[in-house]
């Protein structure tokens with residue numbers, strides 16, 4: 001947003017007779033974007049259509065100088081053409097990016113960003129949703145730094161781990177043969193992988209009603225009828241036979257697994273040789289050799 005557009009809006013507000021409204025853009029993690037406005041007609045700017053008459057509104061934006069969550073909330077009616085209850089329940093709007101503008105609807109080039117952040121807790125009551133809006137300072141409340149322990153602190157496939165998840169031994173596209181309770185699946189196309197290879201990995205749906213959703217694999221069992229996968233938590237939408245999914249290998253964060261399963265020990269982000277609590281509680285006894293040698 002340039003200074004000229006903010007200055008133009010400030011000059012318009014200074015006239016005392018204003019034509020302003022509020023606009024919101026909600027961009028999901030998967031890139032799908034929605035635009036809303038409390039004006040009585042649709043507006044378009046920055047390549048986004050902001051739809052009127054969606055029932056979307058927001059409370060007063062209150063900014064603070066501390067690190068607390070900004071006090072604001074978005075409220076709207078659930079509709080088939082905008083934010084649906086099915087998508088919200090499926091978690092598709094979790095951590096969605098939110099931007100709010102104050103806009104001169106007579107000239108949308110006169111506008112200013114009032115809020116930028118993400119969606120927090122979403123509640124559904126009587127056909128309406130209430131979404132907490134969290135400001136950019138929310139990220140500063142998260143714990144930072146390294147924890148010294150024997151297991152790896154990286155996420156499999158991230159920039160610290162560097163394992164290529166597109167490698168055929170690390171992920172595979174499969175077809176769902178049978179699904180139950182949104183958390184148990186029989187899959188086709190997983191031949192060649194050892195039993196348990198995908199435990200602690202992820203199942204990402206690529207098609208069907210659950211496309212874009214993912215879950216952590218709890219159990220991975222090979223049977224005569226195919227591979228059976230169970231998730232820790234059910235997906236937010238139904239899965240049907242014939243849907244396509246991506247199955248990603250799992251990692252238990254141990255140094256041995258990093259070395260033998262992924263051949264990635266040079267990027268291991270743990271401390272496998274750090275002394276444990278049992279070593280700290282040891283005391284000298286006469287029957288043991290106390291020659292100063294290595295304890296691990």
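The values are calculated or read from the model by the stated rules, or taken from the named source; none is laboratory data. None of these values were measured; they are calculated from a predicted model. Cβ: placed from backbone, ideal geometry, glycine included. Neighbour counts: every protein chain shown.
Among 179, 154, which is the only one that is more than 19 Å from the chain's Cα centre (by Cα), surrounded by 17 or more Cβ atoms within 10 Å (Cβ to Cβ) and either at pLDDT 90 or above or part of a loop (DSSP other than H, G, I, E, B) (or both)?
Exactly one of 179, 154 is more than 19 Å from the chain's Cα centre (by Cα), surrounded by 17 or more Cβ atoms within 10 Å (Cβ to Cβ) and either at pLDDT 90 or above or part of a loop (DSSP other than H, G, I, E, B) (or both), namely 179.
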Unmet requirement for residue 265, which otherwise passes all of (1) touching a helix residue (DSSP H, G or I) at 6+ places or on another chain (Cβ under 8 Å); (2) closer than 19 Å to residue 204 by Cα; (3) without any contact (Cβ under 8 Å) to a residue 60 or more places away in the chain: (2)
Residue count, the stretch 83-126 (criterion: more than 15 Å from the chain's Cα centre (by Cα) and closer than 23 Å to residue 39 by Cβ): 20
The stretch 194-220: number of residues that are farther than 19 Å from residue 254 by Cβ and more than 27 Å from the chain's Cα centre (by Cα): 0
Index of the failed condition, residue 57 passing every other in (1) modelled with pLDDT of 65 or more; (2) more than 30 Å from residue 238 (Cβ to Cβ); (3) surrounded by fewer than 19 Cβ atoms within 10 Å (Cβ to Cβ): (1)
Criterion violated by residue 162 - all others in (1) over 16 Å from the mean Cα position of the chain (by Cα); (2) closer than 30 Å to residue 273 by Cα; (3) without any contact (Cβ under 8 Å) to a residue 24 or more places away in the chain satisfied: (3)
Checking residue 147 against (1) buried (at least 17 other Cβ atoms within 10 Å of the Cβ); (2) assigned to a loop (DSSP other than H, G, I, E, B); (3) at pLDDT below 80, the condition it does not meet: (1)
Number of positions in the stretch 27-51 that are closer than 14 Å to residue 102 by Cα and in contact with a strand residue (DSSP E or B) (Cβ under 6 Å, 6 or more places away or on another chain): 7
Output for the stretch 193-217, where each listed residue is under 12 Å from residue 231 (Cβ atoms), surrounded by 15 or more Cβ atoms within 10 Å (Cβ to Cβ) and free of Cβ contacts under 8 Å to residues at least 60 places away in the same chain: 198, 199, 200, 201, 202, 203, 204, 205, 214, 215, 217
Verdict on residue 190 being farther than 22 Å from residue 86 by Cα, surrounded by fewer than 14 Cβ atoms within 10 Å (Cβ to Cβ) and modelled with pLDDT under 95: no
Boolean, residue 255 is surrounded by fewer than 18 Cβ atoms within 10 Å (Cβ to Cβ) and in contact with a helix residue (DSSP H, G or I) (Cβ under 7 Å, 6 or more places away or on another chain): yes
Failed item in (1) in a strand (DSSP E or B); (2) modelled with pLDDT under 90, with residue 229 passing the rest: (2)
Among residues of the stretch 33-50, those that are at pLDDT below 90 and surrounded by fewer than 20 Cβ atoms within 10 Å (Cβ to Cβ), counted: 3
For residue 74: the one exception among (1) assigned to a loop (DSSP other than H, G, I, E, B); (2) at pLDDT below 85; (3) under 14 Å from residue 119 (Cβ atoms): (1)
Index of the failed condition, residue 161 passing every other in (1) buried (at least 17 other Cβ atoms within 10 Å of the Cβ); (2) assigned by TED's automatic domain parsing to the domain that holds residue 236; (3) under 30 Å from residue 264 (Cα atoms); (4) at pLDDT 90 or above: (2)
